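Engineer: If you scroll down you'll find the structure; I have some questions about it.
The values are calculated or read from the model by the stated rules, or taken from the named source; none is laboratory data. Worth saying up front: this structure is predicted, and the values here are computed from it rather than measured. Please note: Cβ atoms are built from the backbone with ideal geometry, for glycine as well, and neighbour counts cover all protein chains shown.
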């Protein structure tokens, strides 16, 4: 079996092939730098995805050969992490996009987080801090690395662990931030983060976080005051704050896409929302998404395209097709499950 595996590796790794993207399987254990032709084959690697429990043999070869990594995706284990991953991070000369993904499910807290390992890789990444433009993390960093990302343009935060504190963001200043995607992150820290940007934010996506009417109003106010160049927005809108959404529509005149999330708890005035959209949307705003709950449905005469029975569904589809023929609607998708995740803007 080992002989067959080695022959398969030689088939793909040789002097005649050049790779730019490399995914290392968790069980892969070969010293790449000793494979004939590997140095030429992998010398131009731009993207690398691997697990942090990677074998010494494989990691040694990557450190020696792959100096041009621009995008690094690390799946971090709770135990048995290879600490020499820090050398791989340091050896790259072009690192601009980094993603730290935990390879374990820790929903309730992050008390078992391997802080010594995170400290190690964060300190290594800190040496590239001025070059990093995109960063994704699912747990609060151990160090103050956020403060070093002076040129960061894209930030993705996904707080998987319930009750995790993200206070580390409250005093962070990211003046050139353009894209902010946050799931399960407290609005208080996101408000503070947006307030310290310099008007370059053009895409904001915030979901899966419970918050009250006060913070809902605060986040809307912060966005329309600090993000004049906003193009895309995904946000939960409380019924009482539809008027604040209108102010956002008026102030953010470059808005192209709006995704409205609605809580299933309480009431929501769809009539008022669509009246607001009709009255205050700019001409550039033509992409809309709405999460529609059976508990708070849109009336047929409000949108003319919401269905609950097969008969209404047929009328709904006929209406959409008619609008598409007339050129009023360019594209339409209906997804029964996870509609706002599978339907992308572009």
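Engineer: When you check residue 142 against the structure, is it closer than 19 Å to residue 168 by Cα, touching a residue at least 12 places away in the same chain (Cβ under 8 Å) and surrounded by fewer than 19 Cβ atoms within 10 Å (Cβ to Cβ), yes or no?
Structural biologist: yes
Engineer: Given the structure, is residue 247 in contact (Cβ under 8 Å) with a residue 12 or more places away in the chain and not in a helix (DSSP H, G or I)?
Structural biologist: It is false that residue 247 is in contact (Cβ under 8 Å) with a residue 12 or more places away in the chain and not in a helix (DSSP H, G or I).
Engineer: Quick one: residue 211 ticks every box in (1) at pLDDT below 95; (2) over 17 Å from residue 244 (Cβ atoms) except a single one, so which number is it?
Structural biologist: The failed condition is (2).
Engineer: Being at pLDDT 95 or above, more than 20 Å from residue 28 (Cβ to Cβ) and not in a helix (DSSP H, G or I) narrows it down to one of 95, 72, so name that one.
Structural biologist: 95
Engineer: Still on this structure, I have one more. On the basis of being in contact (Cβ under 8 Å) with a residue 40 or more places away in the chain and either surrounded by fewer than 20 Cβ atoms within 10 Å (Cβ to Cβ) or assigned by TED's automatic domain parsing to the domain that holds residue 183 (or both), does residue 230 make the cut?
Structural biologist: no
Engineer: Going by the structure shown, is residue 197 in contact (Cβ under 8 Å) with a residue 40 or more places away in the chain, crowded, with 17+ Cβ neighbours inside 10 Å and out of contact with any strand residue (DSSP E or B) (no Cβ under 6 Å at 6 or more places or on another chain)?
Structural biologist: Working: in contact (Cβ under 8 Å) with a residue 40 or more places away in the chain: no; crowded, with 17+ Cβ neighbours inside 10 Å: yes; out of contact with any strand residue (DSSP E or B) (no Cβ under 6 Å at 6 or more places or on another chain): yes.
Criteria not met by residue 197.
Engineer: Here is a follow-up. On the basis of being in a loop (DSSP other than H, G, I, E, B), surrounded by fewer than 19 Cβ atoms within 10 Å (Cβ to Cβ), out of contact with any helix residue (DSSP H, G or I) (no Cβ under 9 Å at 6 or more places or on another chain) and assigned by TED's automatic domain parsing to the domain that holds residue 30, does residue 151 make the cut?
Structural biologist: In short, no.
Conditions (1) under 18 Å from the mean Cα position of the chain (by Cα); (2) over 22 Å from residue 232 (Cβ atoms), marked per residue:
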{"residue": "113", "(1), (2)": "no, yes"}
{"residue": "118", "(1), (2)": "no, yes"}
{"residue": "128", "(1), (2)": "no, yes"}
{"residue": "137", "(1), (2)": "yes, no"}
{"residue": "152", "(1), (2)": "yes, no"}
{"residue": "160", "(1), (2)": "yes, yes"}
{"residue": "166", "(1), (2)": "yes, yes"}
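Engineer: Being outside any strand (DSSP E or B), at pLDDT 90 or above and surrounded by 15 or more Cβ atoms within 10 Å (Cβ to Cβ) is the filter here, so list the residues in region 252-271 that pass it.
Structural biologist: Passing the criteria: 252, 255, 256, 262, 268, 270.
Engineer: Considering only region 170-186, state which residues are buried (at least 16 other Cβ atoms within 10 Å of the Cβ) and in contact with a strand residue (DSSP E or B) (Cβ under 8 Å, 6 or more places away or on another chain).
Structural biologist: 174, 177, 178, 179, 180, 181, 182, 184, 185 - these are the residues of region 170-186 that are buried (at least 16 other Cβ atoms within 10 Å of the Cβ) and in contact with a strand residue (DSSP E or B) (Cβ under 8 Å, 6 or more places away or on another chain).
Engineer: Given the criteria under 30 Å from residue 202 (Cβ atoms), modelled with pLDDT under 70 and surrounded by 15 or more Cβ atoms within 10 Å (Cβ to Cβ), does residue 329 qualify?
Structural biologist: Criteria met by residue 329.
Engineer: Yes or no: region 1-19 includes at least one residue that is modelled with pLDDT of 85 or more, touching a strand residue (DSSP E or B) at 6+ places or on another chain (Cβ under 9 Å), surrounded by fewer than 16 Cβ atoms within 10 Å (Cβ to Cβ) and assigned by TED's automatic domain parsing to the domain that holds residue 119.
Structural biologist: no
Engineer: Restricting attention to region 121-132, does a residue exist that is more than 30 Å from residue 185 (Cα to Cα) and not in a helix (DSSP H, G or I)?
Structural biologist: The answer is no; no qualifying residue exists.
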